[in-house]
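Read the structure below first, then the notes.
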Amino acid sequence: FDLRCIHGQSALLDVLRRESLQGSMANGIFLAHMANNALKRRPPLSVFGRISSARSGEHRGTIDIKHLAIAPIVDLARIHALAGGLDAVNTDERLASAGRSTAMSEQGARDLREALEFLAALRIRHQTRQILAGLTPDSYLRTDELSNFERAQLKDALKVVADMQEALGQRYQVGHF
């Protein structure tokens, strides 16, 4: 579903993508399984809506911004694109297309696009600081290194992801099959 043609006959990929989209769009069970898989990675928010960092292990006191914040948005965009029969492959394009169609609300798509932009920029700034400090860049962000403003925005972005995941889970009745 994420293939891109980089060389050769792109028409072959277009046929494969069109057939895959038609098949997935009409297969509610497949989409429900995709949704179930996508909902396994939840944003690091506590029951009370606070940012919840890792409590133990090598990355104690951090959040994995790539796997627990950005990847869930990629998964949400993919599922909505598949459900809507949308052929976009890039996450931002998938969200924009989904918002213009009936695949998801325009507001939900806009919120996810803005959350993705903020999270990606936060990750890049984190990695830039690591490189400048002579460290190997990673995606494990210490929230205590963020300004109050950034922390509030991070919390809001994670809440958007959690809310959209909840809506997806309800739509496909995840946990009911």
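A few notes on this one:
- Portion, in percent, of the accessible area of the chain that falls on carbon or sulfur, probe 1.4 Å: 52
- R0 of 25 Å, Cβ-Cβ distance Ala88-Thr128: FRET efficiency to nearest 0.05: 0.30
- Residues of the chain: accessible area per residue with a 1.4 Å probe, Å²: 59
- Over the chain: helical MRE at 222 nm, DSSP H runs n ≥ 4 each giving -39500 (n - 2.57), nearest 500: -19500 deg cm²/dmol
- Between Gln170 and Glu117, the modelled label-to-label distance comes to 2.7 nm, taking each label 7 Å out from Cα in the direction of the beta carbon.
- Other residues whose C-beta falls under 13 angstrom from the C-beta of Leu95 contribute a net charge of -2, scoring Lys and Arg +1 and Asp and Glu -1.
- Rg to Rh quotient for the chain, alpha carbon positions, Kirkwood Rh: 1.01
- 0 to 90° range, to nearest 10: angle between helix 71-84 axis and the chain longest Cα axis: 20
- Calculated from backbone phi, Karplus (6.51, -1.76, 1.60) coupling profile of the stretch 108-124 in Hz, x at Gly/Pro: x, 5, 5, 4, 5, 5, 5, 5, 4, 4, 5, 5, 5, 5, 4, 5, 5
- Shape call, the stretch 1-70: gyration tensor on alpha carbons, a/c limit 1.5: oblate
The values are calculated or read from the model by the stated rules, or taken from the named source; none is laboratory data. This one's a predicted model, so the numbers in the text were calculated from it and none came from an experiment. Note: ideal-geometry Cβ built from the backbone for every residue, glycine included; neighbour counts use all protein chains shown. Heads up: the accessible areas ignore ligands, DNA and RNA and are worked out on the full protein's heavy atoms, side chains in. Shrake-Rupley method; radii C 1.70, N 1.55, O 1.52, S 1.80 Å.
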